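Everything below concerns the one structure shown next.
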Amino acid sequence: LDEVSRSAIEHNHDLIAAGDGVAAALAIRIGAAELQNPTLSASLSKVPIPIRSRENDAHQGALWDRTYDWVFQLQQLVELGGKRGKRRDSAAFGLRVADEQRRDAERTLYAAVAQAYVQVLAAEERRRIGEKEAAALDQEVAIAAKRHAAGDLALVEAERITATAVLRRIDVEIASGDEHAARIALQVVAGLDSADDWLLSDNLEMVLKRVTPSPGHEAERPDVAAAKRAEEKAAADLSLAESGRIPDPTIGVQFEHNPPGDMFIGRRR
């Protein structure tokens, strides 16, 4: 059971997805703690387009000395109302929710592995018992045939024993199919290629000892903890939404370079 559980931890897609959810929530928390990025912009205007003559037009000379209008602007958004702190709280609760969900996925995966393991053990036991009973009935059929040949047993009774043996063989085939289906279910939950050739070394008593919680174990279930963290995150999101009523100012600095001159130099007569 331990080997199957380790395989499931490594290959189960639901648990891998839950781990990716934790990584995504961690990235969100890191981003929530960052300050808003400043914005730098630049623009150029009043660029003349000479049509008739290119002599002494505004395109001559150093680029900075031309009559172009250069504008550089730096802006910074300032968040008010504790938005950044509330956003960080929401992201922190979101990370805890994701972590509890991953723990719950691991818990349910262990339970699913143990259940599938027990189903295989039970199916194996039913098949073995059926095979023993079928073997015993085969011997009864042989004995009944000899007794009938000796005149010690009626034909009807011999046929009844034969029919019972056939039915028991059919039950064995059904039990073999159930065992195969149980092994497939164990293979799927463990994330491996095949489980038909597995020899399960743990018996039902050993599995029961492994999956039974120890006395006094009162740790909070991960799904319950995830629900509580989700409630706390919802409260943080509500507080963040309410703080949106406070407008956030944007502080900016602008530099403009617009030298004097006629942008239509070279067009006058």
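The values are calculated or read from the model by the stated rules, or taken from the named source; none is laboratory data. Just so we're clear, the structure is a prediction, and the values are computed from it rather than from any experiment. We place every Cβ from the backbone using ideal geometry, glycine too, and count neighbours over all the protein chains shown. Ligands, DNA and RNA are stripped out before the accessible areas are found, and what is left, the full protein with its side chains, is counted by its heavy atoms. Shrake-Rupley method; radii C 1.70, N 1.55, O 1.52, S 1.80 Å.
Could you tell me which of the residues GLN36, GLN60, GLN115 is open to solvent by 60 Å² or more (accessible area, probe 1.4 Å), under 30 Å from VAL172 (Cα atoms) and modelled with pLDDT under 90?
GLN115
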Could you check, for segment 166-185, whether at least one of its residues is surrounded by fewer than 13 Cβ atoms within 10 Å (Cβ to Cβ) and hydroxyl-bearing (Ser, Thr, Tyr)? no
Given (1) under 22 Å from GLY191 (Cβ atoms); (2) of a type in the set (D, E, K, R); (3) loosely packed, with under 14 Cβ neighbours inside 10 Å, ARG103 misses just (3)
The one condition ARG160 fails out of (1) under 30 Å from LYS209 (Cα atoms); (2) surrounded by fewer than 19 Cβ atoms within 10 Å (Cβ to Cβ) is (1)
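Which members of segment 249-269 meet the condition of being at pLDDT below 90 and among the charged types (D, E, K, R)?
Residues of segment 249-269 that are at pLDDT below 90, as a first pass: 257-269.
Hits for segment 249-269 are ASP262, ARG267, ARG268, ARG269.
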Scanning segment 198-246 for residues that are closer than 17 Å to SER5 by Cβ and part of a helix (DSSP H, G or I), the one modelled with the highest pLDDT turns out to be PRO222
Within segment 63-100, the count of residues that are of a type outside the set (D, E, K, R), open to solvent by 60 Å² or more (accessible area, probe 1.4 Å) and assigned to a helix (DSSP H, G or I) comes to 2
